[in-house]
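*Asks:* Shown below is the structure under consideration.
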4 protein chains.
Amino acid sequence: MVIREQERPFSGLSDNKKMLKVGICGASGFTGAMLLRILYKHSSVLISYLGSNSYNGSNVNALLNSDYENTPICFSSIDVDLINKKCDLIFLAMPHTASHLLLKDIKIPAIDLSADFRFNNSALYEKWYGTVHSCPDKLTNRVYGLPELFRDRIVGSTLIANPGCYATSIILPIYPFVRNGLCSSAVADSASGVSGAGKALKKELLFYKVDENYKAYNIAAHKHQPEIEEAIGEKSGQKIALSFVPHLLPIRRGILSTIYMDNLSKIDKNEVAMIIKKQYKNEPFIKVRDDPPQILDVVGTNDCHIYAAVDEHNGKIIVISAIDNLLKGASGQAVQNMNIAYGFDETEAIGGWLG
Amino acid sequence: MVIREQERPFSGLSDNKKMLKVGICGASGFTGAMLLRILYKHSSVLISYLGSNSYNGSNVNALLNSDYENTPICFSSIDVDLINKKCDLIFLAMPHTASHLLLKDIKIPAIDLSADFRFNNSALYEKWYGTVHSCPDKLTNRVYGLPELFRDRIVGSTLIANPGCYATSIILPIYPFVRNGLCSSAVADSASGVSGAGKALKKELLFYKVDENYKAYNIAAHKHQPEIEEAIGEKSGQKIALSFVPHLLPIRRGILSTIYMDNLSKIDKNEVAMIIKKQYKNEPFIKVRDDPPQILDVVGTNDCHIYAAVDEHNGKIIVISAIDNLLKGASGQAVQNMNIAYGFDETEAIGGWLG
Amino acid sequence: MVIREQERPFSGLSDNKKMLKVGICGASGFTGAMLLRILYKHSSVLISYLGSNSYNGSNVNALLNSDYENTPICFSSIDVDLINKKCDLIFLAMPHTASHLLLKDIKIPAIDLSADFRFNNSALYEKWYGTVHSCPDKLTNRVYGLPELFRDRIVGSTLIANPGCYATSIILPIYPFVRNGLCSSAVADSASGVSGAGKALKKELLFYKVDENYKAYNIAAHKHQPEIEEAIGEKSGQKIALSFVPHLLPIRRGILSTIYMDNLSKIDKNEVAMIIKKQYKNEPFIKVRDDPPQILDVVGTNDCHIYAAVDEHNGKIIVISAIDNLLKGASGQAVQNMNIAYGFDETEAIGGWLG
Amino acid sequence: MVIREQERPFSGLSDNKKMLKVGICGASGFTGAMLLRILYKHSSVLISYLGSNSYNGSNVNALLNSDYENTPICFSSIDVDLINKKCDLIFLAMPHTASHLLLKDIKIPAIDLSADFRFNNSALYEKWYGTVHSCPDKLTNRVYGLPELFRDRIVGSTLIANPGCYATSIILPIYPFVRNGLCSSAVADSASGVSGAGKALKKELLFYKVDENYKAYNIAAHKHQPEIEEAIGEKSGQKIALSFVPHLLPIRRGILSTIYMDNLSKIDKNEVAMIIKKQYKNEPFIKVRDDPPQILDVVGTNDCHIYAAVDEHNGKIIVISAIDNLLKGASGQAVQNMNIAYGFDETEAIGGWLG
């Protein structure tokens, strides 16, 4: 059990500050461990529960290879009653199709990092994930947790579906153009590091299969394609038809998406840049650049870097985005959502370079 | 000087066989070294000249890290008279814009691995390479050395322009569809290992800039884009408008191209596969696959692997190709061209796995 | 210029707290950038000066790829008067043999990350670094900034020579055995990521020279060998003869040292472990482990992990250590030294996972 | 089944040449596939059998990703009767402790790439491999297949135990010094690419566990240590005590060993170099160098590169060797052994650069 008797935060903050008690379920994967590292340094958060069936009873420091804190943080088993009792807010970093089974009985606010609540109706979910949704009613009130599009609805929400990593990297650069009626069809060619695939023991994730290699997978059949189309449609009321091909890079972290959009109004390079800069001018985590971003520019940050160009020769708007799949593509964005939902400073614990 | 007195091949073949005396200029770069390794094992070839100003006088074994042969092969300076006198055929593995200055005075047949003779007119060359062509008349009779499209013209040719690496990986999968009037616009998203950039001492090629990174460059402005459009047009009489974005992978060798074509006649997956299989059914180095290729599938071979799919949702034909940029994308294809031009077995010295 | 008018820290701390004004010279290299990232989050530090001749005038955010802070931090030129006037403490992250020329005229306390003040006499420095020392008198009072050996002398010191990265990884595991008279001769076989070599534009640091490769260099001739022997001797009064061979790994960060010591008293595995655990039992950044450490265990932390074993067959104590060369091997240790010297909490800003 | 009716070699050699019919068991691992690629190009060999229980019935081209040959080579099940009937010689590329169970009933000459016949007595085997040897009598007549030490005994041998990869890289540089009474104790610190661990689906071989990492394993407890000591003793009659620590590199192929030997007679650098050059002066695959070898120097070749130095400060001879673990460390050396045993040219099919 992880709550210390005195119910004080692990870091040495003042006692009279009211702390948000948060739990993390599935804390042994990449995104769970990253959540833990981020939340541990959050000045308004007390980590009150860590759930992992595979690490139940283990000390968290052993997993994270650090024992300097000398804190007896241990994993508990995954238990709904414990979650409801111990936490004000629960982060679910569970596999797809496992998350909704747990969330069904959770009575407290939740931020779900799986895909289980990303669609706003169960039919689409069941088509793409091949399983019946256990709590379709919760889909109606969930908010799609992409702050740059849905910040207003995140405030005060009790169920936030954290977006997919590819989806984040593609929606952000496409949305301003669809919204303005400048594009109705796009090709998104994305490349991701292996942490996007988790820690599963699969032959295709062995070093000798990945190192010095590169490949496409789920060609025009990846589950983030309908997620992207739905989220953009939900916000803009416009339709976008997307061809999406993800690729696997021989690196640990990061996503680069190169997106080719139809240029319906034949706008030029300056107009393209202006549209995207105007859209995101007040966003703390969006950086619109004048040169193409690289994956190393964003690894270790919650930022999304975007560069826009025009291919006049073939009538395309070309936009390139880069994010860290574990931060803006997962755990960083989840904390950003929490910060917004609870009225904390939006950049608290996720501003700047996190490593 | 590299010719041994008795003018016999380095490998132990019969004396009475007439050998083709070939030279290599620029033999110290990636493609030059690969040419040397391939031609060394070719049963009808005698390497009679190795030209490199930077390695002039050095023993080639020191460069290649192998001295088992105990052969006194040394680099000479680059000298047109020597080339004309010592060789029946010269391979030029020189930088772009340096090659045409040398070839201007060469009297023997040549296979040029640079871009200097890839366009069939000097205007396009001068626009994209920013320099005046020294022998534009030679452009008229040169053949674009992509055997799968121009084999007939390669036979007996005296000046073969070896295609660009990206161009090879993109023309081969696109051409059958353009030729059949099924596509007039395409997006090509390619990723290459660093050997495509040569051995230049540039900051952007340092390990810490490439490792764990991925980036786009020359966005819709790469010189292979007009090369691809011209070559397809020259062969098919059809126009294709191409958006092309190359990317740099943190690997040594290989190119993967993911190509999204308009599907003008709404053909289905079976028709798409049939068209490409029919086009290349007799080609020794094209493998049309039923699953997507990976870069490691082709590294060390002169093969181009192609996979075709249809994205009905967004009306696209999606084709993925993989080549080794140093073999089918450069030196392997150059030897394939030589084999065709001189009537050798087309797969001699480049069949199977080369390493 | 980097000091904001109101002379407040960049982060939002209380006004009435007295802040230490620190400067960084050479802030554009790996260690300078890391110092900046660490010190930026230190609750008692105000960054008051950033010196870099190559980046003079540039905004630091452009270099670090982050502009979320919206702070106008710019690099200044390297100027001794400015340093003396603007700072309470200066960190020098300069090249070897450049640092002492600057430090000669610095009147404020300094922590030097170069090798220029690591030896306690100029003769050894001049022999190994091939240049005359400009302020040999300063060597007398400098302290060798390895806290686990010289913490007492670091308190209140005005010139701290931050240890070499290899030296840190080797001294820490060897020292307890030498001190106890259990070992007088050792072999240290170390492997480092490329950031140890800095950002220099050298052919041997190109991606194609490092990727998929591994090599030894400076065989039994590396400058950290006398540094190690002197530091251990200075503390223990014992002599240790060391054979040291460093190797270059195809990774970004981290050092692993495998050390083979003579086992003079034939102690067994338990005694070996006990000696090292006893030595470091109160050290916040030393973790003595029961299984061998890996580089990924320590990357992103200021920790040194140590594992000890005995090879009874050949009479050796074998100890393996791992550090992050940019943190415990450079910038992290430099901040640890500052924390000690100024009486801050020793783990402030460097505890736990830094990224 | 792999034998074509006409019993001719796959490559187009003359009919009247008598071909050696060879089989490969366990042909789907790294070393089996490499054997196949090498033997396929051997001018005196006919591949008559490929055994793999996991790939039984599969076409070999699918595995090797190449179908240009249009040859119907398929894997058979592993069957002793088939081996005895179809082959003149069998290569066993099987797991340790599986190989001896098969070899027990094999009546034809064999080259075994496992560890099962490397020791000359079953007691040592059983101690280190933890299993009873099924045919200890065969150990008496086996030869340890390191050509540079045991070439005389390999000629005409019917059971050749191919050495371990680390063992090859360590015995070759140590042996000349032990033989000459110059060294009786050594430390061998080796680093290997992941192909040394095979294709097993183990968590520690996942990309995210290997990439950007480096670690020691089997510290002073690796099975190649007694193998090395026995082989050197068997040849020289001298004893050598060895401390051996292997490490895992984040690369595909290659081994670098850095070896620190006691320098009993205090010989100098010139004598050290002379001893090793004299020992190997007629060896086709040993290259004694004047600068330290790197792994990339030998990958793709059957060469062992050796560099020798002296550390006078600490009284050590330091020798560095590099090999390709799949070639000189496994399949290349196995073919070298075959070439010697059958009187073929020793470098046939393995000379020069293999890829």
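*Asks:* Quick check: net charge around residue B:148, other residues with Cβ under 14 Å of its Cβ, Lys/Arg +1 and Asp/Glu -1?
*Replies:* Details: positive: B:151, B:153, B:179, B:235, B:277, B:278, B:281, B:287, B:328; negative: B:152, B:234, B:283, B:303, B:346.
Its environment carries a net charge of +4.
*Asks:* Given the rotation that superposes chain D on chain A, what residue of D brings its beta carbon nearest the axis, and what is the distance in Å?
*Replies:* Checking which Cβ lies nearest the axis yields D:207, 2.
*Asks:* Here is a further query. Please report the net charge: other residues with Cβ closer than 11 Å to the Cβ of residue C:279, K and R +1, D and E -1.
*Replies:* Surrounding charge for residue C:279 is +2.
*Asks:* How would you classify the stretch D:69-221 from its alpha-carbon gyration tensor, with a ≥ b ≥ c the square roots of the eigenvalues: rounded for a/c under 1.5, else prolate if a/b is greater than b/c, otherwise oblate?
*Replies:* Oblate is the answer for the stretch D:69-221, as a/c is 1.5 or above yet b/c matches or exceeds a/b.
*Asks:* Mind pulling the angle between the C-alpha long axis of helix C:331-342 and the longest principal axis of chain C? Nearest 10 degrees, somewhere in 0 to 90.
*Replies:* 80 degrees
*Asks:* For the stretch A:160-173, what does the Karplus curve 6.51 cos²θ - 1.76 cosθ + 1.60, with θ = phi - 60°, yield as ³J(HN,Hα) per residue in whole Hz, taken in order and with x for Gly and Pro?
*Replies:* Working through the residues one at a time gives 10, 8, 6, x, x, 5, 4, 4, 4, 6, 9, 4, 4, x Hz.
*Asks:* Okay, moving on. What are the nm distances, shortest first, from residue C:41 to its equivalents in the other copies, labels at 7 Å along Cα→Cβ?
*Replies:* 0.2, 5.2, 5.2
*Asks:* Rounding to the nearest 10 and keeping the result within 0 to 90°, find how far the Cα-based axis of helix A:269-279 lies from the longest principal axis of chain A.
*Replies:* Helix A:269-279 and the main axis of chain A meet at about 30 degrees.
*Asks:* What is the set of long-range amide H partners of residue A:48 at a cut-off below 5 Å, with H atoms built 1.01 Å from backbone N?
*Replies:* So residue A:48 has HN proximity to A:22, A:23.
*Asks:* Using r as the Cβ-Cβ distance of residue D:134 and residue C:281, and R0 as 45 Å, what FRET efficiency do you calculate, to the nearest 0.05?
*Replies:* 0.30
*Asks:* Roughly speaking, what is the centre-to-centre gap between the stretch B:221-290 and the stretch A:132-173 when only Cα atoms are used, to the nearest Å?
*Replies:* The two parts, judged by their Cα centres, are 38 Å apart.
*Asks:* Also: How tilted is helix D:224-236 with respect to the longest principal axis of chain D? Cα atoms for both, answer in degrees (0 to 90, nearest 10).
*Replies:* In chain D, helix D:224-236 runs at an angle near 80 degrees to the longest axis.
*Asks:* Return the calculated 222 nm mean residue ellipticity for the protein assembly as shown, to the nearest 500 deg cm²/dmol, obtained by summing -39500 (n - 2.57) across DSSP H runs with n ≥ 4 and dividing by the residue count. Could the numbers behind the result be given before it?
*Replies:* Values: 52 runs with 432 residues, N = 1420.
Here the helix-only value at 222 nm equals -8500 deg cm²/dmol.
*Asks:* Give a residue-ordered list of calculated ³J(HN,Hα) values for the stretch B:28-42 (Karplus: 6.51 cos²θ - 1.76 cosθ + 1.60, θ = phi - 60°; whole Hz; x for Gly, Pro).
*Replies:* 9, x, 4, 6, x, 5, 5, 4, 4, 4, 5, 5, 4, 9, 7
*Asks:* Place the label 7 angstrom along Cα→C-beta at residue B:85 and in each other copy, then list the distances from the first to the rest in nm, shortest first.
*Replies:* Listed shortest first, these distances are 6.6, 7.1, 9.6 nm.
*Asks:* For q values of 0.07, 0.12 Å⁻¹, compute log₁₀ I(q)/I(0) with the Debye formula on a Cα-only model of chain B, without solvent.
*Replies:* Values, matching the q order: -0.29, -0.86.
*Asks:* Considering all projection directions equally, how large on average is the shadow of the alpha-carbon convex hull of the protein assembly as shown, in square nanometres?
*Replies:* If you wrap the Cα atoms of the protein assembly as shown in a convex hull and average its projections, you get 52.3 nm².
*Asks:* What average count of beta carbons from other chains do you get within 10 Å of the Cβ of residues in D:218-224? Numbers along the way, then the final one.
*Replies:* Working: counts 1, 10, 9, 3, 0, 0, 0.
What the average comes to for D:218-224 is 3.
*Asks:* OK, next. Output ³J(HN,Hα) for the stretch A:77-92: one whole-Hz value per residue in order, computed from phi by the Karplus curve 6.51 cos²θ - 1.76 cosθ + 1.60 with θ = phi - 60°, and x for Gly and Pro.
*Replies:* Per-residue couplings from phi come out as 6, 7, 8, 4, 4, 4, 4, 4, 7, 8, 10, 8, 8, 10, 9, 9 Hz.
*Asks:* Another one. Where does the stretch B:238-355 land on Rg/Rh, using Cα atoms and the Kirkwood Rh?
*Replies:* Working: Rg = 15.5 Å, Rh = 15.5 Å.
Ratio of gyration radius to Kirkwood radius: 1.00.
*Asks:* Packing-wise, with mean Cβ within 10 Å as the measure, how do B:188-199, B:148-159, C:143-154 rank, highest first? Could you put the intermediate results ahead of the total?
*Replies:* On the way: B:188-199: 23.3, B:148-159: 17.2, C:143-154: 20.9.
Packing proxy ranking, top to bottom: B:188-199, C:143-154, B:148-159.
*Asks:* Quick one: which of D:124-132, B:100-108 comes out on top by average Cβ neighbours within 10 Å, and what's the full order, highest first? Could you put the intermediate results ahead of the total?
*Replies:* Numbers: D:124-132: 15.4, B:100-108: 18.0.
Those peptides, ordered most packed to least, come out B:100-108, D:124-132.
*Asks:* Work out the mean other chain Cβ neighbour count within 10 Å for the residues of A:25-34 and drop it here as an integer.
*Replies:* 0
*Asks:* Give the Rg/Rh ratio for the stretch C:165-323, taking Rg as the radius of gyration of the Cα atoms and Rh as the Kirkwood radius, to two decimals.
*Replies:* 0.98
*Asks:* Check residue A:185: other-chain or 5+ apart residues with amide H under 5 Å from its amide H, H built from backbone geometry?
*Replies:* For residue A:185, whose amide H was placed from the backbone, the distant partners under 5 Å are A:241, A:262.
*Asks:* Modelled label-to-label distance, residue B:41 and residue B:98, 7 Å Cα→beta-carbon offset: nm?
*Replies:* 2.8 nm
*Asks:* Tell me the distances, shortest first, between residue B:137 and the same position across the other copies, using label points 7 Å along Cα→Cβ, in nm to one decimal.
*Replies:* Copy-to-copy label distances for residue B:137: 8.0, 8.5, 8.8 nm.
*Asks:* Across the residues of C:309-315, average count of Cβ atoms on other protein chains within 10 Å?
*Replies:* Mean partner shielding for this stretch: 6.
Bear in mind that the values in this text are calculations on the coordinates, not laboratory data. Predicted model, so just to flag it, every value in this text is computed and none were measured. Methodologically, a virtual Cβ is constructed for each residue, glycine included, from the backbone with ideal geometry; neighbour enumeration extends over all protein chains shown.
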